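The values are calculated or read from the model by the stated rules, or taken from the named source; none is laboratory data. It should be emphasised that the depicted structure is a prediction, and the values quoted were computed from it without experimental measurement. Cβ atoms come from the backbone with ideal geometry, glycine included; neighbour counts cover every protein chain shown. Only protein heavy atoms, including side chains, enter the accessible area calculation; ligands, DNA and RNA are left aside. Shrake-Rupley method; radii C 1.70, N 1.55, O 1.52, S 1.80 Å.
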Amino acid sequence: MNQTPTTPTDNPLLTGPDTPLPLFDQIKPAHVIPALKTALSEARQRVTELTQLENPSWQTLFLPLEAIDERLSRIWGPVSHLNAVCDSDALREVYQQGVSLMTAWQSELAQNEALYAAMKQVAADDTFAELTEAQQQVVRHALRDF
């Protein structure tokens with residue numbers, strides 16, 4: 001399948017949060033892998049930055065990680081939906097490639113020792129008690145899931 005590279009400005013999967021709904025009518029199979037690779041590259045860079053924080057906190061570690069997850073979900077969610085409702089050979093091919101990319105990403109996160117250490121630091125900090133019960137639970141579950 002011909003996957004011509006697209007730039008972020010012409011890839012409907014790379015729209016920002018100002019676009020409330022996915023632009024389903026504009027998404028083409030050729031957009032999928034470039035969008036995922038762009039977002040995953042940015043995510044990897046951001047995770048590297050986050051793991052180098054001297055004093056990670058809920059605000060400086062967990063909220064940015066949530067933003068990374070949201071960005072990837074805004075790309076992968078519409079692709080998954082289209083794969084389920086508009087199946088085609090071309091989409092099926094890039095969907096499978098995307099599954100591999102997303103699986104590799106999840107594995108990287110789950111095995112990132114620096115990220116685990118940063119999360120442990122948040123849990124061990126005196127300010128952990130000041131977090132809401134829900135926030136504390138998110139931290140506990142994140143640590144458990146490593």
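A few notes on this one:
- Residue selected from the range 85-103 under the condition of a type in the set (S, T, N, Q) and open to solvent by 50 Å² or more (accessible area, probe 1.4 Å), by the criterion nearest to SER73 (Cα to Cα): THR103
- Among the residues of this structure, LEU21 does not count as one that is farther than 18 Å from ALA114 by Cβ, open to solvent by less than 50 Å² (accessible area, probe 1.4 Å) and within 19 Å of the chain's Cα centre (by Cα).
- Scan of the range 107-121 for residues that are part of a helix (DSSP H, G or I) and surrounded by 11 or more Cβ atoms within 10 Å (Cβ to Cβ), ordered by number: GLU108, LEU109, ALA110, ALA114, LEU115, TYR116, ALA117, ALA118, MET119, LYS120, GLN121
- Within the range 112-146, the set of residues being among the hydroxyl-bearing types (Ser, Thr, Tyr), farther than 19 Å from ALA43 by Cβ and touching a residue at least 24 places away in the same chain (Cβ under 8 Å) comprises just one member, THR127.
- Boolean, GLN26 is over 14 Å from the mean Cα position of the chain (by Cα) and either surrounded by 12 or more Cβ atoms within 10 Å (Cβ to Cβ) or modelled with pLDDT of 95 or more (or both): yes
- Being assigned to a loop (DSSP other than H, G, I, E, B), under 23 Å from PHE24 (Cα atoms), open to solvent by less than 80 Å² (accessible area, probe 1.4 Å) and not charged (D, E, K, R) is a condition met by no residue of the range 44-53.
- The single condition among (1) open to solvent by 40 Å² or more (accessible area, probe 1.4 Å); (2) of a type outside the set (Gly, Ala, Ser); (3) modelled with pLDDT under 95 that THR6 does not meet is (1).
- Yes/no for PRO56 being in a loop (DSSP other than H, G, I, E, B) and either on the phi > 0 side of the Ramachandran plot or open to solvent by less than 40 Å² (accessible area, probe 1.4 Å) (or both): yes
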